[in-house]
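Worksheet for the structure shown next.
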Amino acid sequence: MSKTRTMAFQVSEELFQKIKEYLARYEEIYHRKLTQRDFVLSLIESALEEAEDDFAAYLTAQQEEQNESWGGCDSEEPLTHLPE
């Protein structure tokens, strides 16, 4: 069993009501209850996955930029002489 931690934060009344309305519509449409906890956790997990994808894309772009700055040489063979 994994250890759990508690996160607590306050939101505006307006946001709280929007969440409650969403959860009520969700239950009406899908005929099953979605808890606030599950809803918020799914949002956090989705945001983290997106951030990880963005970070990976950034690192890939940085690597490609670095490769281009080295003259666009895609070969893994070492240079045997310096260009004149």
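The values are calculated or read from the model by the stated rules, or taken from the named source; none is laboratory data. These figures come from a predicted structure and were not determined experimentally. Cβ coordinates were reconstructed from backbone atoms using ideal geometry, including for glycine residues, and neighbour counts include every protein chain displayed.
Computed quantities for the displayed model
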| quantity | calculated |
| --- | --- |
| Selection count, region 23-53, where residues are over 26 Å from Thr6 (Cβ atoms) and either loosely packed, with under 10 Cβ neighbours inside 10 Å or of a type in the set (Lys, Arg) (or both) | 5 |
| Tally, over region 21-58, of residues that are outside any helix (DSSP H, G or I) and within 28 Å of Phe9 (Cβ to Cβ) | 4 |
| Check on Ala61, at pLDDT below 95, surrounded by 10 or more Cβ atoms within 10 Å (Cβ to Cβ) and in a helix (DSSP H, G or I) | yes |
| Test result for Ala8, loosely packed, with under 10 Cβ neighbours inside 10 Å and among the small types (Gly, Ala, Ser) | yes |
| Cβ pairs under 9 Å, 6+ apart, first in region 13-35 and aromatic (Phe, Trp, Tyr), second part of a loop (DSSP other than H, G, I, E, B) and surrounded by 10 or more Cβ atoms within 10 Å (Cβ to Cβ) | Tyr22/Leu34; Tyr26/Lys33; Tyr26/Leu34 |
| Close pairs (9 angstrom Cβ cut-off, 6 or more residues apart or separate chains): closer than 13 Å to Leu23 by Cβ in region 39-53, in a helix (DSSP H, G or I) anywhere | Phe39/Ile19; Phe39/Tyr22; Phe39/Leu23; Phe39/Tyr26; Val40/Ile19 |
